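The values are calculated or read from the model by the stated rules, or taken from the named source; none is laboratory data. If you're wondering where the values come from, they're calculated on a predicted model, not measured in any experiment. Methodologically, a virtual Cβ is constructed for each residue, glycine included, from the backbone with ideal geometry; neighbour enumeration extends over all protein chains shown. We work out accessible area using only protein heavy atoms, side chains counted, and drop any ligands, DNA or RNA first. Shrake-Rupley method; radii C 1.70, N 1.55, O 1.52, S 1.80 Å.
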Amino acid sequence: MSASNDHRRTAAGSTPAIEATGILKNFGSLEVLRGVSVALHRGEVTAIVGDNGAGKSTFMKMLSGEYIPDGGEIRVDGKPVQFRSTHDAQAFGIETVYQDLALAPDLTVPANVFLGRELKHGGWKGRLGILDRPSMLAESHAVLSSLGVRVKSYRAATNRLSGGQRQGVAIARALKWAQHAILMDEPTAALGARQREMVYQAIRKAAERNLAVLLISHDLPQVIELADRIIVMRQGRAVADLSPSAVTVRDVVDAMLGAKEAA
């Protein structure tokens, strides 16, 4: 894939779309997050990397409302918030794309994009609960096209789409409803090279729409290519905030393992 960093913007001095400060999370006696502080800025792709068990996915679930922090503070657009569920986070314009996509496989593309947020006709048709399927189709086509995702048939069930196309639908749904940020957990897992490129393009487009994008990934070469910032987590802490243009994969791995500290 060719380098494409034109979308990157300087976020210094701006109010973060989301700011987490001193986030703590315990599961029984196990300390999973030990005071994690991370700011996500609009127009940026922020990647979080770390070894298994570093706390990456748990931290993302704090921001998505799936888990409730045991300590610390989360701010959205500078204002303190308390998420008690994923619906709370969605109400604040934060959408999540999970590794399992959370798509309804037997439903069409528009039905998935508008899942739980279906459009109804106006007037008597709306009072009868009749869905405005033409508008849902048109809006779904518009958002997928803006991401560069091509789908042969919007009326086909999503289980008939390729892995990359299904991931594109999940990202399109998040982009359709997000106001502040999109959180993504391993969005290219188990995808082929062409499908991964489709998803990477969609991620870049999401950042270009002035959203903060949080990306959790083990694909370090691609993280360096795609991200604006790399947050390294180790043993429940954010231990490094790296500029991709100034580091190599070896540098990131060393930070993940604490090699320089040990030396």
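Residues that are of a type in the set (G, A, S) and crowded, with 24+ Cβ neighbours inside 10 Å were ranked within the range 35-51; the one that is farthest from L183 (Cα to Cα) is G50.
Looking for something touching a Phe, Trp or Tyr at 6+ places or on another chain (Cβ under 7 Å), over 13 Å from F114 (Cα atoms), touching a residue at least 12 places away in the same chain (Cβ under 8 Å) and in a loop (DSSP other than H, G, I, E, B) - is there at least one such residue anywhere in the range 149-157?
There is no residue in the range 149-157 that is touching a Phe, Trp or Tyr at 6+ places or on another chain (Cβ under 7 Å), over 13 Å from F114 (Cα atoms), touching a residue at least 12 places away in the same chain (Cβ under 8 Å) and in a loop (DSSP other than H, G, I, E, B).
If you check E95 against the conditions, is it acidic (D, E), at pLDDT 90 or above, open to solvent by 60 Å² or more (accessible area, probe 1.4 Å) and in a strand (DSSP E or B)? Considered against the rule, which asks whether it is acidic (D, E), at pLDDT 90 or above, open to solvent by 60 Å² or more (accessible area, probe 1.4 Å) and in a strand (DSSP E or B), E95 comes out as no. Suppose the filter is out of contact with any Ser or Thr (no Cβ under 9 Å at 6 or more places or on another chain) and in a helix (DSSP H, G or I); does A174 pass it? For A174, the condition - out of contact with any Ser or Thr (no Cβ under 9 Å at 6 or more places or on another chain) and in a helix (DSSP H, G or I) - is not met.
Taking E118 as the residue in question, decide whether it is closer than 13 Å to K176 by Cα, surrounded by 13 or more Cβ atoms within 10 Å (Cβ to Cβ), touching a residue at least 40 places away in the same chain (Cβ under 8 Å) and not hydrophobic (A, V, I, L, M, F, W, C).
On the way: closer than 13 Å to K176 by Cα: yes; surrounded by 13 or more Cβ atoms within 10 Å (Cβ to Cβ): yes; touching a residue at least 40 places away in the same chain (Cβ under 8 Å): no; not hydrophobic (A, V, I, L, M, F, W, C): yes.
No, not satisfied.
Taking A189 as the residue in question, decide whether it is farther than 22 Å from Q99 by Cβ, surrounded by fewer than 17 Cβ atoms within 10 Å (Cβ to Cβ) and not hydroxyl-bearing (S, T, Y). So A189 fails the test.
Which residues, taken from the range 127-148, are of a type outside the set (G, A, S) and not in a loop (DSSP other than H, G, I, E, B)? If you could, list the steps in order and put the result at the bottom.
Taking the range 127-148 first, the residues of a type outside the set (G, A, S) are 127-128, 130-134, 136-137, 139, 141, 143-144, 147.
Within the range 127-148, R127, L131, R133, P134, M136, L137, E139, H141, V143, L144 meet the criteria.
In summary, E139 fulfils each of the numbered conditions (1) farther than 22 Å from G65 by Cβ; (2) open to solvent by 30 Å² or more (accessible area, probe 1.4 Å); (3) out of contact with any Pro (no Cβ under 8 Å at 6 or more places or on another chain) with the single exception of condition (3).
Checking each residue in the range 56-88 for being within 16 Å of the chain's Cα centre (by Cα) and open to solvent by less than 60 Å² (accessible area, probe 1.4 Å) picks out K56, S57, T58, F59, M60, K61, M62, L63, S64, G65, V76, T86. If you go through the range 232-254 and pick out every residue that is open to solvent by 20 Å² or more (accessible area, probe 1.4 Å) and in a helix (DSSP H, G or I), you end up with 7.
One residue stands out in the range 211-231 among those that are farther than 18 Å from L63 by Cβ and in a loop (DSSP other than H, G, I, E, B): the one that is least open to solvent (accessible area, probe 1.4 Å), namely D219.
Annotation: A189 fulfils all but one of (1) within 17 Å of D51 (Cα to Cα); (2) touching a Ser or Thr at 6+ places or on another chain (Cβ under 7 Å); (3) modelled with pLDDT under 85; the unmet one is (2).
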